[in-house]
Amino acid sequence: MASIIVDQIVKKFGEQTAVNQASFEVQPGTIFGLLGPNGAGKTTLIRIILDIFKADSGSVEILGGAMDDAKKNRIGYLPEERGLYQDIQLENCLLYLASLKGLKKNDAQKRLNEYFEFFELTAHRRKKVKELSKGMQQKAQLIATLIHQPDIIIIDEPFSALDPVNTQMVKDLLHEERNKGRTVVMCTHQMHQAETMCNQIVLINQGSVLLNGDVHEIRRSFSGRDIILGSPDVLPDQIPGVVNIKKENGNLRCTLDDNVTSQELLQTLVGMNIQLDRFEVAVPSLDDVFIKVVKGKTE
């Protein structure tokens with residue numbers, strides 16, 4: 001059973017269409033990327049999924065049916081905007097937010113102690129939230145999102161204000177949640193983060209779904225005619241079936257003739273007794289795919 005089913009959602013604000021017939025499914029045990037440029041409609045779509053906004057048309061199913069209060073307690077949501085009470089102690093703030101999700105105080109305190117240790121916040125637990133750095137507040141917000149062990153975790157720009165060490169810490173934590181069978185929806189415009197973390201993605205722009213599917217399959221579908229070669233040998237300036245050769249990061253990037261396959265090139269190189277350390281199709285990054293798709297849509 002899919003954790004989330006979005007079917008032909010439309011949402012307008014006056015004359016502006018924020019979401020235009022968006023459809024996709026999110027399966028359990030995956031990290032799902034909801035991607036797009038700023039203003040694409042990602043946050044509006046999340047708020048519709050969470051039943052904060054009502055769609056003008058279309059439907060959303062959560063955990064097998066319509067949203068209700070019980071299901072809201074099975075969801076953890078980290079908004080892009082800070083949502084913590086600034087003038088109370090961090091520990092009291094997080095205990096209160098945990099109680100709103102139905103956690104008993106003893107259970108919440110035990111989990112909170114573990115999270116404080118994991119995120120290196122134990123020494124700051126008595127500080128007021130407003131006294132914490134932006135990075136610490138982001139980690140505290142993540143604790144509030146996860147402390148009740150939700151089945152669905154929806155996070156909007158989760159790495160905001162985090163340094164590389166804490167970014168990796170959060171990545172490891174989200175992978176752990178996915179490995180437990182939970183559903184993680186990551187809303188971001190940082191394509192490189194989505195490329196390394198997500199199993200599935202939806203790319204939206206101006207409210208419409210432009211791409212939907214497996215990350216690796218999408219990237220491969222945008223592959224061109226280029227092959228990356230690595231060799232300890234000095235390669236010849238001309239190779240049969242190759243129309244262009246250029247150096248790239250210590251390797252060679254070869255563009256194939258339209259009538260030559262990668263397998264045929266490999267056979268040619270083996271026949272020339274060239275030793276290969278690397279031979280792979282040049283797959284574009286998600287950044288490259290994003291630029292190509294969004295630019296093509298707007299031209």
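The values are calculated or read from the model by the stated rules, or taken from the named source; none is laboratory data. Quantities reported herein were computed from a predicted structural model and do not represent experimental measurements. Don't worry about glycine lacking a Cβ; one is built from the backbone with ideal geometry, like all the others, and counts go over all protein chains shown.
Things to note:
- Residue check, residue 185 surrounded by 13 or more Cβ atoms within 10 Å (Cβ to Cβ), touching a Gly at 6+ places or on another chain (Cβ under 9 Å), farther than 30 Å from residue 275 by Cα and modelled with pLDDT of 90 or more: yes
- Considering 65, 33, 102, 76, the condition of being within 17 Å of residue 151 (Cα to Cα) and without any contact (Cβ under 8 Å) to a residue 12 or more places away in the chain is satisfied by 65 alone.
- Output for region 259-299, where each listed residue is surrounded by fewer than 16 Cβ atoms within 10 Å (Cβ to Cβ) and among the hydroxyl-bearing types (Ser, Thr, Tyr): 261, 268, 285, 298
- Only a single criterion out of (1) in a loop (DSSP other than H, G, I, E, B); (2) touching a residue at least 12 places away in the same chain (Cβ under 8 Å) is not satisfied by residue 273, namely (2).
- Among the residues of region 100-112, those identified as part of a loop (DSSP other than H, G, I, E, B) and loosely packed, with under 13 Cβ neighbours inside 10 Å are 102, 104.
- The one condition in (1) modelled with pLDDT under 90; (2) surrounded by 15 or more Cβ atoms within 10 Å (Cβ to Cβ) that residue 192 fails to fulfil: (2)
- When residue 75 is tested against the conditions (1) surrounded by 14 or more Cβ atoms within 10 Å (Cβ to Cβ); (2) over 18 Å from the mean Cα position of the chain (by Cα), the lone failure is (2).
- Taking region 70-99 as the range and being aromatic (Phe, Trp, Tyr) and in a helix (DSSP H, G or I) as the test, only 96 passes.
- From the list 203, 286, 252, 211, the one residue that fits, being in contact with a strand residue (DSSP E or B) (Cβ under 9 Å, 6 or more places away or on another chain), over 17 Å from residue 33 (Cα atoms) and touching a residue at least 12 places away in the same chain (Cβ under 8 Å), is 252.
- All positions within region 222-244 that are crowded, with 17+ Cβ neighbours inside 10 Å, part of a strand (DSSP E or B) and either touching a helix residue (DSSP H, G or I) at 6+ places or on another chain (Cβ under 9 Å) or not charged (D, E, K, R) (or both): 227, 229, 242
To keep it simple, each residue is scored yes or no on (1) surrounded by 14 or more Cβ atoms within 10 Å (Cβ to Cβ); (2) more than 17 Å from residue 155 (Cα to Cα); (3) in contact with a Leu (Cβ under 7 Å, 6 or more places away or on another chain); (4) not basic (Lys, Arg).
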| residue | (1), (2), (3), (4) |
| --- | --- |
| 24 | yes, yes, no, yes |
| 49 | yes, no, no, yes |
| 60 | yes, yes, no, yes |
| 90 | yes, yes, yes, yes |
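- Qualifying residue in region 75-95 (condition: at pLDDT 95 or above, within 26 Å of residue 176 (Cα to Cα), in contact with a strand residue (DSSP E or B) (Cβ under 7 Å, 6 or more places away or on another chain) and hydrophobic (A, V, I, L, M, F, W, C)): yes
- Among the residues examined, residue 139 qualifies as in contact with an Asp or Glu (Cβ under 9 Å, 6 or more places away or on another chain), surrounded by 19 or more Cβ atoms within 10 Å (Cβ to Cβ) and in the same structural domain as residue 192 (by TED's automatic domain parsing).
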